[in-house]
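K.L.:
Just passing along the structure, written as structure tokens.
The values are calculated or read from the model by the stated rules, or taken from the named source; none is laboratory data. A quick note: this is a predicted structure, and the numbers were derived from the prediction, not measured. Glycine also receives a Cβ, built like all others from the backbone with ideal geometry; neighbour counts cover every protein chain displayed.
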Amino acid sequence: METKTISKLGGDGKMSSYTYDEYKRIVKEFHGSLAPGLLIGGFMVDLALKNLPGGQFFDAIAETKTCLPDAIQLLTPCTIGNGWLRVMNFSRFAITLYEKEKGEGVRVYIDTKKIEAWPEVRDWFFKVKPKKEQNYQLLLDQIADAGAGLCSMKKVRVRPELTGFHAHGSKIAICPSCGEAFKIKNGDKCPACSGENPYVD
Ligand SMILES: [Zn+2]
């Protein structure tokens, strides 16, 4: 097996890379386990980083909330907290990195044709077998061998309303019901007091 590396984009805009073993160690530390989806996600981010259009500042989209947001947060300066990573919960195993201003970017996704060449990965991905019947080691081996070979990539342009260094002009108000501050969108009460409260009583 060739030695694979995983690219990383630093906050200073500089590219560096991890060996695949280093990446696995970081995954385990951060995520708690060697999640197959996060290992594949590393190769997906790597492929996207190697094919970025010109530009200095990038934002990211993860089209699932599973695993891929962590791969993006481990390998790029984009995090949910800094607002550069947007999680769109489509349950599609895909990521996009795009240049902030013009929205030009690359989308990397699991290619359901290519995955056929890697049966253990395919069965895991399509949840064909119960977890007990999966051969975890074979799954990890096939992921390591396949790398970005499980994926395809295409150029995309992100819709203008999602791009730019958007200066939010939104107003902050105090909710008349709970007394906490929140960003006004609809109505004068905060979303929690408008019926989305996640807590019992
Ligand atoms: Zn409230």
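K.L.:
How about region 174-184: which of its residues are within 10 Å of the ligand (Cβ to nearest atom) and outside any loop (DSSP other than H, G, I, E, B)?
P.N.:
Listed by number, the residues that qualify are I174, A181, F182.
K.L.:
Can I ask one more? If you check A60 against the conditions, is it assigned to a helix (DSSP H, G or I) and small (G, A, S)?
P.N.:
Judged against the criteria, A60 is not a match.
K.L.:
Hey, I143 hits all of (1) over 24 Å from the mean Cα position of the chain (by Cα); (2) away from the ligand (no atom under 16 Å from the Cβ); (3) not hydroxyl-bearing (S, T, Y) but one; which does it fall short on?
P.N.:
(1)
K.L.:
Let me ask another. How about region 129-156: which of its residues are at pLDDT below 95 and farther than 19 Å from L38 by Cα?
P.N.:
Once the filter is applied, which keeps residues that are at pLDDT below 95 and farther than 19 Å from L38 by Cα, region 129-156 yields K129, P130, K132, E133.
K.L.:
Would you pick out the residues in region 71-93 that are buried (at least 20 other Cβ atoms within 10 Å of the Cβ), outside any loop (DSSP other than H, G, I, E, B) and not polar (S, T, N, Q)?
P.N.:
Scanning region 71-93 gives A71, I72, L74, L75, L85.
K.L.:
Out of all the residues in region 185-201, which are near the ligand (Cβ under 8 Å from one of its atoms) and either in contact with a Gly (Cβ under 7 Å, 6 or more places away or on another chain) or not in a loop (DSSP other than H, G, I, E, B) (or both)?
P.N.:
Of everything in region 185-201, those that are near the ligand (Cβ under 8 Å from one of its atoms) and either in contact with a Gly (Cβ under 7 Å, 6 or more places away or on another chain) or not in a loop (DSSP other than H, G, I, E, B) (or both) turn out to be A192, C193, S194.
K.L.:
Does region 29-37 contain any residue that is of a type in the set (S, T, N, Q) and touching a residue at least 12 places away in the same chain (Cβ under 8 Å)?
P.N.:
The answer is no, given that none of the residues of region 29-37 is of a type in the set (S, T, N, Q) and touching a residue at least 12 places away in the same chain (Cβ under 8 Å).
K.L.:
Now for a different question. Taking S152, is it hydroxyl-bearing (S, T, Y) and closer than 15 Å to A48 by Cβ?
P.N.:
yes
K.L.:
If you go through region 125-135 one residue at a time, do you hit one that is farther than 30 Å from L49 by Cβ, of a type in the set (A, V, I, L, M, F, W, C), without any contact (Cβ under 8 Å) to a residue 40 or more places away in the chain and out of contact with any Asp or Glu (no Cβ under 9 Å at 6 or more places or on another chain)?
P.N.:
yes
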